[in-house]
1. Quick check on the range 376-386. Is at least one of its residues in contact (Cβ under 8 Å) with a residue 12 or more places away in the chain, surrounded by 11 or more Cβ atoms within 10 Å (Cβ to Cβ) and hydroxyl-bearing (Ser, Thr, Tyr)?
2. Could you tell me whether the range 158-165 includes any residue that is touching a Pro at 6+ places or on another chain (Cβ under 8 Å), open to solvent by 70 Å² or more (accessible area, probe 1.4 Å) and either within 28 Å of LEU135 (Cα to Cα) or modelled with pLDDT of 95 or more (or both)?
3. Looking at the range 192-234 only, could you name the residues that are of a type in the set (Ser, Thr, Tyr) and either under 23 Å from the mean Cα position of the chain (by Cα) or on the phi > 0 side of the Ramachandran plot (or both)?
4. Condition first: buried (at least 21 other Cβ atoms within 10 Å of the Cβ) and among the aliphatic types (A, V, I, L, M). Now tell me which residues in the range 330-345 satisfy that.
5. Give just the number: which of (1) within 20 Å of the chain's Cα centre (by Cα); (2) assigned to a helix (DSSP H, G or I) does VAL295 not satisfy?
6. Could you please give the count of residues in the range 166-209 that are surrounded by fewer than 15 Cβ atoms within 10 Å (Cβ to Cβ) and of a type in the set (A, V, I, L, M, F, W, C)?
7. Can you pull out the residues in the range 210-222 that are aliphatic (A, V, I, L, M) and either farther than 19 Å from ILE235 by Cβ or open to solvent by 10 Å² or more (accessible area, probe 1.4 Å) (or both)?
8. Quick one: what pairs do we get from the range 252-269, first residue over 23 Å from TYR359 (Cβ atoms) and assigned to a strand (DSSP E or B), second of a type outside the set (A, V, I, L, M, F, W, C) and open to solvent by 30 Å² or more (accessible area, probe 1.4 Å), C-beta under 6 Å, 6+ apart or different chains?
Amino acid sequence: KYVKGKVALDRVRRLSVENNDEQQQQSLPPCPYVVEYVKEKATSAATNKFDPSLIQTSSKHYLQAVDCPLVATRQLRDPSDPGSTLHMEIDISNHMDVMKYQTADNLGILPKNDSAVVDAVANALNYDLDKVFNLHPSDKDTSTKTKHALPFPTPCTVRECLERYCDLTGPPRRSDLKQLAPYARNDIDRKALLRMSSKEGKAEYKEKIVEAHIGISDIVTRLCTSIVCPLEHFIMICPRLQPRYYTISSSSTVHPTTVHITLAVLEEKKTKDGNEMFKGLCSSDLSGMKCGDLVRAFVRESTFRLPKQVERPILMFGPGTGIAPMRAVLMERSHGLKNNVGHGPSILYFGCKDRSMDYIYRDELEAFEKEGTLTELHLAFSREQA
């Protein structure tokens with residue numbers, strides 16, 4: 001009797017879920033996109049075939065970025081320091097037409113989601129990561145503003161879509177939670193998402209999403225596992241993965257074919273009393289790279305420039321990784337000095353925790369001071385004093 005009763009109950013539950021699925025499919029919110037699966041093999045050059053006029057203005061960086069090899073990386077902090085700051089050098093010699101830079105410009109880097117996160121999301125939402133698809137505007141979309149605006153270039157695989165274009169780990173906005181709610185089959189999940197997206201749920205949203213470093217990947221894989229969302233709807237809801245910008249720490253005169261960046265690796269506990277760690281997406285991705293690995297990047301022009309009158313003095317404040325543009329500026333002035341181009345006084349204030357732990361680029365700064373490029377070097381070490 002127990003077994004027969006259990007089988008009957010399971011059948012009722014299954015029929016209930018199937019009915020819910022059917023009802024949900026019929027009542028899905030409108031979507032501006034259509035996914036067309038194709039048989040052709042997607043390549044990394046797919047972006048080159050994509051018509052730039054079809055992409056949203058906010059996503060132009062996906063087309064600007066190129067793959068450049070990492071050629072050098074080294075740890076700048078002492079092993080006794082629990083933190084990590086890396087010096088990285090990226091070869092841009094094969095893309096000088098689009099990657100030419102000026103001293104103190106910015107490098108935009110397109111990060112990738114961790115493969116384990118991508119696999120977990122695909123498994124939870126029943127996506128085939130190897131499928132190739134094209135994204136098209138929906139005929140049902142009546143908005144003239146977004147009719148031909150697509151969020152990223154295709155064709156691509158579902159894996160590349162989730163890995164390169166979807167922000168799976170950043171905290172979603174309250175409006176994203178509200179959009180996600182209709183796809184939850186479980187009433188409890190749906191009500192929780194709607195509650196945190198409401199004005200009354202702002203405090204709960206801040207505590208449980210923002211402060212806990214909860215991303216959409218956590219929501220669909222752990223917190224609201226009843227969510228069923230077609231790929232085109234997920235693309236509509238999930239925020240885009242944005243580039244991370246780093247001030248270039250090399251002189252374009254001294255290193256015209258390589259770009260240097262100074263990278264602080266972000267890692268902290270998700271909650272005060274928990275052991276689960278939150279890792280910065282881009283810094284974690286870059287810190288795991290080896291020489292030869294490709295970094296997808298582009299150059300963004302900066303307004304941070306040396307004065308055109310080289311005799312003018314400059315005053316620089318660059319604690320921690322804020323030293324990056326100052327290193328580039330000093331490298332530029334040092335090059336001028338060695339080529340009999342004089343300059344005005346250069347004064348730098350630098351600070352960190354401890355000179356024996358995280359005094360990054362110490363040898364270079366002291367060399368700049370010794371040769372006369374750096375007129376004054378003022379230092380502050382916060383942990384060396386009461």
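The values are calculated or read from the model by the stated rules, or taken from the named source; none is laboratory data. These figures come from a predicted structure and were not determined experimentally. Ideal geometry is used to build each Cβ from the backbone, glycine not excepted, and the neighbour counts take in all protein chains shown. Side chains included, ligands, DNA and RNA excluded: accessible areas come from the protein's heavy atoms. Shrake-Rupley method; radii C 1.70, N 1.55, O 1.52, S 1.80 Å.
1. no
2. As a first pass, look at the range 158-165 and keep what is touching a Pro at 6+ places or on another chain (Cβ under 8 Å): 165.
Then drop every residue that is not open to solvent by 70 Å² or more (accessible area, probe 1.4 Å), which leaves none.
No: the range 158-165 contains no residue that is touching a Pro at 6+ places or on another chain (Cβ under 8 Å), open to solvent by 70 Å² or more (accessible area, probe 1.4 Å) and either within 28 Å of LEU135 (Cα to Cα) or modelled with pLDDT of 95 or more (or both).
3. Residues of the range 192-234 of a type in the set (Ser, Thr, Tyr): 197-198, 205, 217, 221, 225-226.
Within the range 192-234, TYR205, SER217, THR221 qualify.
4. LEU330, MET331
5. (2)
6. 2
7. First, the residues of the range 210-222 that are aliphatic (A, V, I, L, M): 210, 212, 214, 216, 219-220.
Matches in the range 210-222: VAL210, ALA212, ILE214.
8. Going by the 6 Å Cβ cut-off, the qualifying pairs are THR258/GLU89; THR258/ASP91.
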